[in-house]
Amino acid sequence: MENEDLVRSGDDDDSARRYRSDLQADREAVRDSLRVDLPAAHMGAALSLVATVVLGAVFELRWAVVLVAVLGGWFSIALLVVLLGGGRGVDALQRAYRATFGWGNWF
């Protein structure tokens, strides 16, 4: 009976180790897929600028103002989250900028 408990304990340790290793690998893969660099954020900001100009030129100016307000609100929320998370200074601004315009990575 004691030998069986020892074997089970060893199996549990191995499976827990494998589980933690797999979980770490999965989290790393998600972080890598969601990582955004500044050139991608610049692309998103440029596309936002083009969309704002097109909305203002083709449709009414108020739609361009709505888009600018939405982007400004999103940036403000992202900056608040970064600041509450401990980010400071230029790093906080860059992280909020990447969170707001990082979708340019997919173009």
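On the given criteria, is VAL70 exposed (fewer than 11 other Cβ atoms within 10 Å of the Cβ) and modelled with pLDDT of 90 or more? When the stated conditions are applied, VAL70 does not pass them. For VAL54, the requirement of being closer than 21 Å to TRP106 by Cβ, surrounded by 13 or more Cβ atoms within 10 Å (Cβ to Cβ), assigned by TED's automatic domain parsing to the domain that holds PHE107 and not charged (D, E, K, R) is met. Condition test on LEU6, is it modelled with pLDDT of 85 or more and at negative phi? When the stated conditions are applied, LEU6 does not pass them.
The values are calculated or read from the model by the stated rules, or taken from the named source; none is laboratory data. These figures come from a predicted structure and were not determined experimentally. Note that each Cβ is placed from the backbone with ideal geometry, even for glycine, and that neighbours are counted across all protein chains shown.
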